[in-house]
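The structure under discussion appears below in the form of structure tokens.
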Amino acid sequence: MPTEREPVNEPRVRAFVGLGANIGNPAAQLADALASLDAAGVLVAVSGVYRSAPIGPDQPEFLNLVAELALSDGPYELLARCQALEAAAQRVRRERWGPRTLDVDVLLFGEVVMGDPELQIPHPRMRERRFVLDPLAELAPELVTLGDVTAVADQDCERIGGAGLLRELAAASAEH
């Protein structure tokens, strides 16, 4: 009679994604994306929510946060997951750095370094963006240096609350 085998635990990679939104109902779109990541069993932690000035054309302020994930799939599967979240939020790419219902960027994927035109890890501009570095520092302070933070200190970005604030903001936005 065969014995039952213990389930094999696949190695999981620590990854970070940056999420931002500034049109539609940004708080609801961020909350929905986090709920999808949580339902998929990959969400480990979420930073606070940050309000930041847009980079690029004139547009509304952004809500931003960083999510820490534990993944057993590869970086391209994570990219596909990010693109699926954007599609679910009906993201339309009209202009670079333009307004968006949801933007989900792969920031870090374990120790992976890659420069594929389709996917660059670490994210090529993450150290230039306070709205990425501040929330990343909440989750993984060992990954953000004082020099990183000093270099972006003049950028308009403020923490407005924890991730739990998203549903409250989403409800308030839906009422207006």
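Here are a few things to note about the model shown:
- Assuming charge only on the beta carbon of Lys and Arg (+1) and of Asp and Glu (-1), the dipole of segment 70-159 about its Cα centre is about 380 debye to the nearest 20.
- Among 36, 170, 107 - extreme Cα towards positive end, dipole of the chain, charges at beta-carbon: 170
- Around the Cα centre of the chain, unit charges on the Cβ atoms of Lys, Arg, Asp and Glu (plus for the first two, minus for the last two) sum to a dipole of about 280 debye.
- Summary of the geometry: segment 61-75 and segment 134-160, compared by the centres of their Cα atoms, lie 16 Å apart.
- Applying 1/(1 + (r/R0)^6) with r as the Cβ-Cβ distance of residue 143 and residue 171 and R0 = 30 angstrom yields a FRET efficiency of 0.35.
- Listed peptides 142-155, 99-112 appear in the order 99-112, 142-155 once ranked by packing, highest mean of other Cβ atoms within 10 Å at the front.
Read-outs throughout are calculated quantities, based only on the coordinates presented, and are distinct from any laboratory measurement. Everything numeric in this text was worked out from a predicted model, so none of it was measured. Backbone-built Cβ (ideal geometry, glycine too); neighbour counts: all protein chains shown.
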